[in-house]
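> Pasting a structure here, questions to come.
The values are calculated or read from the model by the stated rules, or taken from the named source; none is laboratory data. Note that the coordinates shown come from a computational prediction; the quantities given were computed from them, not determined experimentally. Cβ atoms come from the backbone with ideal geometry, glycine included; neighbour counts cover every protein chain shown. Note: areas computed on protein heavy atoms with side chains; ligands, DNA, RNA excluded. Shrake-Rupley method; radii C 1.70, N 1.55, O 1.52, S 1.80 Å.
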Amino acid sequence: MEPSEFERTHTSELRNTQIKRMGTTQGAKEALGFFVVNESSDKGMSFLSSLAERLSEMPADEKASKIMLMQLKSFTGAFLVAYNEYNEEKKVLISKHIEADPSVLQIAIKLAGKMVLNTVSPVSDEVYQMIMNNTIGLSHNFVDVSFGAITPLIDRALRATTGIDHFYGIAHSAEGKLIGTTILAFKKNHSLPELEILEFYAHLTSVFLSRKRAEDALLLKTEELQRFHKLTIDRELMMIELKKEVNNLLKESGKEEKYAIRE
């Protein structure tokens, strides 16, 4: 039986409410859990639920981009997936992780004449706004998805060699700031994932990446404070030893000790 207009509208509104609750990875898990219960046959929501669970249990020393891309590639069947991190200070996207057959990477390296990882793509203010305004984008060449970092000549060679025909670009952002982008490459005639699923994926991973970035920044600051504290303690200990040495020299020469030292 087809759902009524009321049921479709109510379900849509409820989905939107659940999405807004995804302020944390736990919130995302709860929201996605709702969909899995009510749409058990939907593989897309099962994928998102599994990803949320995996990210929430991720060890501190494991890279989130690796987990994200491995599961995304497995679900979509993409020929290649890549994550690019945005550097706000330098206004560039830097390729950080790629999931693809090793032979594909070798082809890319051979054609580009350099390592594929850590490739830098400058992002102008105009391009930045375009990315922020379009969570999901569709392209048909490497030039566009790399924002010019890959030349038209190399683009044609890569597509001819690999058979890649089209791309999806996913923007990861939080609190009005770009975090990074994910690129999915597909061969011709490959079935494409639903845009709704990719939008959920973008939101879920953006929440997690934003939180992870904040945690990493806090950890870095804590480590800096610990190093400063250690240097301060070491300096104090060194000064105590110097004062003891001065006192010993004065005592040996029959003079009164200069420093009162508390152990």
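> Would segment 90-97 turn up any residue that is open to solvent by less than 60 Å² (accessible area, probe 1.4 Å), polar (S, T, N, Q) and modelled with pLDDT under 90?
yes
> Ala60 passes all but one of (1) modelled with pLDDT of 90 or more; (2) open to solvent by 30 Å² or more (accessible area, probe 1.4 Å); (3) among the hydrophobic types (A, V, I, L, M, F, W, C); (4) in contact with an Asp or Glu (Cβ under 9 Å, 6 or more places away or on another chain); which number fails?
For Ala60, the failing item is (1).
> Continuing with the same structure: Have a look at Phe186, Phe147 and point out the one that is touching a helix residue (DSSP H, G or I) at 6+ places or on another chain (Cβ under 9 Å), touching a residue at least 12 places away in the same chain (Cβ under 8 Å), not aliphatic (A, V, I, L, M) and not in a loop (DSSP other than H, G, I, E, B).
Checking each option against the conditions leaves just Phe186.
> Going through segment 150-177 one residue at a time, which ones are closer than 17 Å to Gln106 by Cβ and in contact (Cβ under 8 Å) with a residue 12 or more places away in the chain?
Hits for segment 150-177 are Ile150, Ile154, Ala157, Leu158, Arg159, Thr161, Thr162, Gly163, Ile164.
> Of Lys96, Lys110, Lys90, which residue is in contact with an Asp or Glu (Cβ under 9 Å, 6 or more places away or on another chain) and not aliphatic (A, V, I, L, M)?
Lys96
> Next up: Taking the residues in segment 159-199 that are open to solvent by 50 Å² or more (accessible area, probe 1.4 Å) and among the small types (Gly, Ala, Ser) as candidates, determine which candidate is farthest from His140 (Cα to Cα).
Here the residue is Gly176.
> With respect to the numbered conditions (1) surrounded by fewer than 21 Cβ atoms within 10 Å (Cβ to Cβ); (2) in a helix (DSSP H, G or I); (3) at pLDDT 75 or above, which one is the sole condition not fulfilled by Leu55?
(1) is the only condition that Leu55 fails.
> Give the residues of segment 58-76 that are out of contact with any strand residue (DSSP E or B) (no Cβ under 8 Å at 6 or more places or on another chain) and part of a helix (DSSP H, G or I), sorted by residue number.
Ala64, Ile67, Gln71, Ser74, Phe75 - these are the residues of segment 58-76 that are out of contact with any strand residue (DSSP E or B) (no Cβ under 8 Å at 6 or more places or on another chain) and part of a helix (DSSP H, G or I).
> All but one of (1) touching a residue at least 12 places away in the same chain (Cβ under 8 Å); (2) in a helix (DSSP H, G or I) hold for Arg227; which doesn't?
Failed condition: (1).
> Of (1) more than 30 Å from Ser49 (Cβ to Cβ); (2) open to solvent by 40 Å² or more (accessible area, probe 1.4 Å), Ser74 satisfies all except one. Which?
Result: Ser74 passes all but (1).
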